[in-house]
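The values are calculated or read from the model by the stated rules, or taken from the named source; none is laboratory data. Because the structure is predicted, anything quoted here is derived from the model rather than measured. Glycine gets a Cβ as well: all are built from the backbone with ideal geometry, and neighbour counts include every protein chain shown.
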């Protein structure tokens with residue numbers, strides 16, 4: 001629904017533009033309209049799209065539709081999704097043509113990409129693992145398509161499978177999806193399983209909260225999963241092989257603390273996050289020792305200060321606390337100084353944030 005519903009449009013009727021480095025892909029109408037939707041599709045047609053990335057007429061689909069992940073989905077689940085979509089009210093809305101640059105708009109180019117980077121195949125259970133772990137792996141790799149964001153992509157937009165779930169910058173959005181294998185980023189190997197379930201179900205937990213693109217994932221998707229499936233995903237995520245230990249970020253060279261950054265923090269941040277970055281339990285996150293603050297990538301920190309930080313409103317957390325945007329209040333130098341102060345105070349040791357980094361993020365906004 002999140003992708004196949006345009007802003008202000010009817011549910012599942014398509015038309016939402018998905019920006020990619022190669023142009024814009026417009027999502028298709030999934031309602032059961034005979035002429036503009038999937039009303040004339042059979043379960044086999046739908047399965048072929050999910051499993052092999054081909055439309056009813058055999059046309060190759062662009063991997064903005066994550067069939068490299070959905071190929072792991074079972075035929076039974078594909079048929080269940082098809083049955084649900086067929087139960088929706090039909091909406092007559094023609095699909096918009098994609099606006100892709102040459103040569104990416106051609107089926108020939110897409111065929112070459114598929115030959116290089118795509119192999120269809122249903123998820124195969126690992127006999128050495130229990131049923132719950134396998135259920136979690138199936139959901140994370142297939143229907144959840146977590147690697148679509150949490151894995152780096154090469155210059156042709158293909159996921160680096162040798163670095164699966166090791167983190168990556170989300171193309172065109174400039175948010176960094178942190179590594180799910182690193183304890184310095186978003187790894188949960190040392191978490192209580194219930195804390196992982198809470199994060200995916202409610203958007204908040206005693207260990208962390210979600211914002212940015214992940215807030216939409218929780219809002220539109222994971223909050224609706226049952227506890228058994230969430231627990232299975234938690235087990236799988238807890239048991240991911242840990243990445244080679246490395247510092248969260250390059251240590252800051254010894255320097256005179258920035259009076260400017262300290263003053264800006266006092267004026268704009270301390271009221272919620274505390275004068276020593278201690279935060280407020282169940283409301284505002286602590287910044288001291290916060291691994292989201294200490295990550296080598298500063299993209300998310302800059303995005304949150306510019307655009308605000310908002311957890312999703314879920315059934316388990318219907319009135320989340322949020323952070324207002326500072327895009328019109330603070331200039332690039334102000335934001336850089338404030339974030340550098342945060343990343344080098346209260347025991348934090350991470351690299352500085354430069355005005356250029358902030359400017360690059362600011363320039364991207366609205367595009």
Review point. Could you list, in sequence order, the residues of the range 12-21 that are assigned to a loop (DSSP other than H, G, I, E, B) and modelled with pLDDT under 95?
Key: 21
Check your understanding: In the range 245-302, which residues are outside any helix (DSSP H, G or I), at pLDDT 95 or above and under 11 Å from residue 341 (Cβ atoms)?
Key -> 269, 277, 287
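One line per residue, one yes/no per condition, for (1) surrounded by 19 or more Cβ atoms within 10 Å (Cβ to Cβ); (2) free of Cβ contacts under 8 Å to residues at least 24 places away in the same chain; (3) more than 21 Å from residue 178 (Cα to Cα):
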| residue | (1), (2), (3) |
| --- | --- |
| 288 | no, no, no |
| 313 | no, no, yes |
| 347 | no, no, yes |
| 363 | no, yes, yes |
Exercise for review: Of all residues in the range 88-119, count the ones that are closer than 27 Å to residue 13 by Cα, part of a loop (DSSP other than H, G, I, E, B) and touching a residue at least 24 places away in the same chain (Cβ under 8 Å).
Suggested key: 14
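Yes or no: residue 27 crowded, with 16+ Cβ neighbours inside 10 Å, at pLDDT below 95 and within 25 Å of residue 218 (Cβ to Cβ)?
Numbers: crowded, with 16+ Cβ neighbours inside 10 Å: yes; at pLDDT below 95: no; within 25 Å of residue 218 (Cβ to Cβ): yes.
No.
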Check your understanding: In the range 207-221, how many residues are touching a strand residue (DSSP E or B) at 6+ places or on another chain (Cβ under 8 Å), within 22 Å of residue 24 (Cβ to Cβ) and not in a loop (DSSP other than H, G, I, E, B)?
Key -> 1
Review point. In the list 358, 305, which residue meets the criterion of being surrounded by 20 or more Cβ atoms within 10 Å (Cβ to Cβ), over 15 Å from residue 268 (Cα atoms) and under 24 Å from the mean Cα position of the chain (by Cα)?
Key: 358
Practice item. Please specify each residue of the range 183-206 satisfying the condition of being in a loop (DSSP other than H, G, I, E, B) and within 23 Å of residue 307 (Cα to Cα). Key: 185, 186, 203, 205
Point to revise | Matching residues, the range 128-182, being part of a loop (DSSP other than H, G, I, E, B) and within 18 Å of residue 225 (Cβ to Cβ) | key: 144, 145, 146, 180
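Would you check if residue 55 is farther than 22 Å from residue 145 by Cβ and either at pLDDT 95 or above or surrounded by 15 or more Cβ atoms within 10 Å (Cβ to Cβ) (or both)? Working first, answer last.
Working: farther than 22 Å from residue 145 by Cβ: no; either at pLDDT 95 or above or surrounded by 15 or more Cβ atoms within 10 Å (Cβ to Cβ) (or both): yes.
Judged against the criteria, residue 55 is not a match.
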Exercise for review: Inspect all residues belonging to the range 135-151 and state whether any of them is touching a strand residue (DSSP E or B) at 6+ places or on another chain (Cβ under 7 Å) and touching a residue at least 60 places away in the same chain (Cβ under 8 Å).
Suggested key: yes
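Kindly indicate whether residue 57 is farther than 18 Å from residue 159 by Cβ and either part of a loop (DSSP other than H, G, I, E, B) or in contact (Cβ under 8 Å) with a residue 40 or more places away in the chain (or both).
Numbers: farther than 18 Å from residue 159 by Cβ: yes; either part of a loop (DSSP other than H, G, I, E, B) or in contact (Cβ under 8 Å) with a residue 40 or more places away in the chain (or both): yes.
Answer is yes for this residue.
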Practice item. Inspect all residues belonging to the range 87-100 and state whether any of them is under 17 Å from residue 156 (Cα atoms) and crowded, with 16+ Cβ neighbours inside 10 Å. Key: yes
Review point. What about residue 123, is it in the same structural domain as residue 38 (by TED's automatic domain parsing), on the phi < 0 side of the Ramachandran plot and either exposed (fewer than 12 other Cβ atoms within 10 Å of the Cβ) or part of a loop (DSSP other than H, G, I, E, B) (or both)?
Key: no
